[in-house]
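Bear in mind these aren't lab numbers, they're just calculated from the coordinates by the rules spelled out. Worth saying up front: this structure is predicted, and the values here are computed from it rather than measured. Methodologically, a virtual Cβ is constructed for each residue, glycine included, from the backbone with ideal geometry; neighbour enumeration extends over all protein chains shown.
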Amino acid sequence: KNQMAFRDMLAKELGEGGYGVPRVHENLTSAQVLTSDWVEGEPVDLLANDSDQKIRDSVSDRMLGLVLRELFQFRLVQSDPNWSNFLYDKDTDTLHLIDFGATNEYPSKFVEQYLQLVWACADKDRNAILRHSKEIGFLSGRESAAMIKAHVEAAYVMGEPFSTEEEFDFSTFKHGERMAEQGQ
């Protein structure tokens, strides 16, 4: 059901430009087994070894665009993604999305509030970060000063890619390491 929904949404919204979702064979699918068309491609994490920067940039752009569309446009997010569920076919320049067994659907209100939080992070607006984090339920209002500081600093880090109109260099971002520092 989830994979069919993604296939329909991508076809409707993007004309499947650069994306592909295999057709599900409902008559061969059960609650435990998902049967779909076979698609060619290699897991996207193997592209890190590819010497063609243009391909890596194109696939990365599509991956980021997909994540943003999943949350902010479709409000349906693949909740158990792994690199092997995203296959890149060089021959057709298609990013195939497979295995949608687990997804989360988000209400419009949450998505709107989350978008406001993302902009607050990009703008490094401490008060807005705290306000929106409480509205969404990321913070309860009973956190220690150290926890609030760590939360805001981590939010600043996560907002960096959205804070510029320029191309963002994710190769030097080190967001995981920088966010871990906030917890120390």
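The table that follows gives values for the structure above.
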read-out: From phi via Karplus (6.51, -1.76, 1.60), per-residue ³J(HN,Hα) for region 133-145 in Hz, x at Gly/Pro; value: 5, 6, 4, 6, x, 6, 10, 9, x, 10, 6, 6, 4
read-out: Under-5 Å amide H pairs with Thr94, H placed in peptide plane, nonlocal only; value: Asp89
read-out: Helical mean residue ellipticity (222 nm; -39500 (n - 2.57) per DSSP H run of 4+; nearest 500) of the chain; value: -14000 deg cm²/dmol
read-out: Protection proxy ranking, peptides 122-131, 135-144, 20-29, average beta carbon neighbours within 10 Å, highest first; value: 122-131, 20-29, 135-144
read-out: Simple Cβ-charge dipole of the chain, Lys/Arg +1 and Asp/Glu -1, about Cα centre, in debye nearest 20; value: 900 debye
read-out: Which label in [x] 18.7, 56; [y] 16.5, 55; [z] 50.7, 141 gives the computed Rg and Dmax of the Cα atoms in Å; value: [x]
read-out: In Hz, Karplus ³J(HN,Hα) per residue of region 160-172 (6.51, -1.76, 1.60; θ = phi - 60°; x = Gly, Pro); value: 3, x, 9, 8, 9, 7, 6, 5, 9, 8, 6, 5, 10
read-out: Folded to 0 to 90 degrees: helix 2-14 orientation relative to the chain principal axis, Cα; value: 80 degrees
read-out: Rounded FRET efficiency, nearest 0.05, which uses the C-beta distance separating Glu112 from Asp89 and R0 of 45 Å; value: 0.80
read-out: Arg142 paired with Ser60, simple spin-label distance in nm, labels 7 Å along Cα-to-beta-carbon; value: 4.2 nm
read-out: Segment Asn104-Lys134, length gained on full extension (0.36 nm per residue, minus Cα span); value: 8.7 nm
read-out: Sequence-distant residues sharing a close amide H with Ser36 (under 5 Å, placed H); value: His25
read-out: Euclidean distance of C-alpha centroids, region 94-134 and region 135-155, integer Å; value: 16 Å
read-out: Selection from Val157, Leu28, Ile136, by position along the positive dipole direction of the chain (Cβ); value: Ile136
read-out: Dipole axis of region 6-119 (+1 Lys, Arg; -1 Asp, Glu on Cβ), positive-most option in Gln78, Asn104, Tyr114; value: Tyr114
